[in-house]
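A.B. asks: Can you keep this structure in mind? I'll have questions shortly.
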Amino acid sequence: MPHPLVIPEKLPQDVEDWSEDDVQEFLEANKAIRHLKVNDIHTLNENGVTGEVLLGLTEEKLETTYGLKPGAATVVTNIVKQLKVEKGLVQPPTAEAGESIFACLSM
């Protein structure tokens, strides 16, 4: 189970309303437990990544458009996936009825 995300209280409830600075504050609040580098966070801020943009980021886009290294891109996309679940924007992944989660992972 991943570490719980830190979502600063002062940020708007709706992630799509987050500004570039809100995204930076969110990522900085999670950088220590997720091993994010300050330079990667600043790169996203300097490139105008708002909450709406953050929700649509993919590993490929982070690497090709923003120049993040593959490891950092994976960390950011994992944070985004968890954020979507915690904010109720997507349902958490679950196993089919009668199927273990391990069976899903081995497919």
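A.B. asks: Just name the residue that is surrounded by the fewest Cβ atoms within 10 Å (Cβ to Cβ) out of those in the stretch 41-59 that are touching a residue at least 12 places away in the same chain (Cβ under 8 Å) and more than 13 Å from the chain's Cα centre (by Cα).
C.D. replies: Looking at residues that are touching a residue at least 12 places away in the same chain (Cβ under 8 Å) and more than 13 Å from the chain's Cα centre (by Cα), I get Gly48.
A.B. asks: If I go through the stretch 29-40 residue by residue, how many of them are surrounded by fewer than 13 Cβ atoms within 10 Å (Cβ to Cβ) and modelled with pLDDT of 95 or more?
C.D. replies: Number of matching residues: 2.
A.B. asks: Condition first: touching a residue at least 24 places away in the same chain (Cβ under 8 Å) and open to solvent by 40 Å² or more (accessible area, probe 1.4 Å). Now tell me which residues in the stretch 76-87 satisfy that.
C.D. replies: Asn78, Lys84, Glu86, Lys87
The values are calculated or read from the model by the stated rules, or taken from the named source; none is laboratory data. Please read these numbers as outputs of a predicted model, since none were measured by experiment. Here Cβ is always computed from backbone atoms with ideal geometry, including for glycine, and neighbour counts include all displayed protein chains. Just the protein is used for accessible areas: all its heavy atoms, side chains included, with ligands, DNA and RNA removed. Shrake-Rupley method; radii C 1.70, N 1.55, O 1.52, S 1.80 Å.
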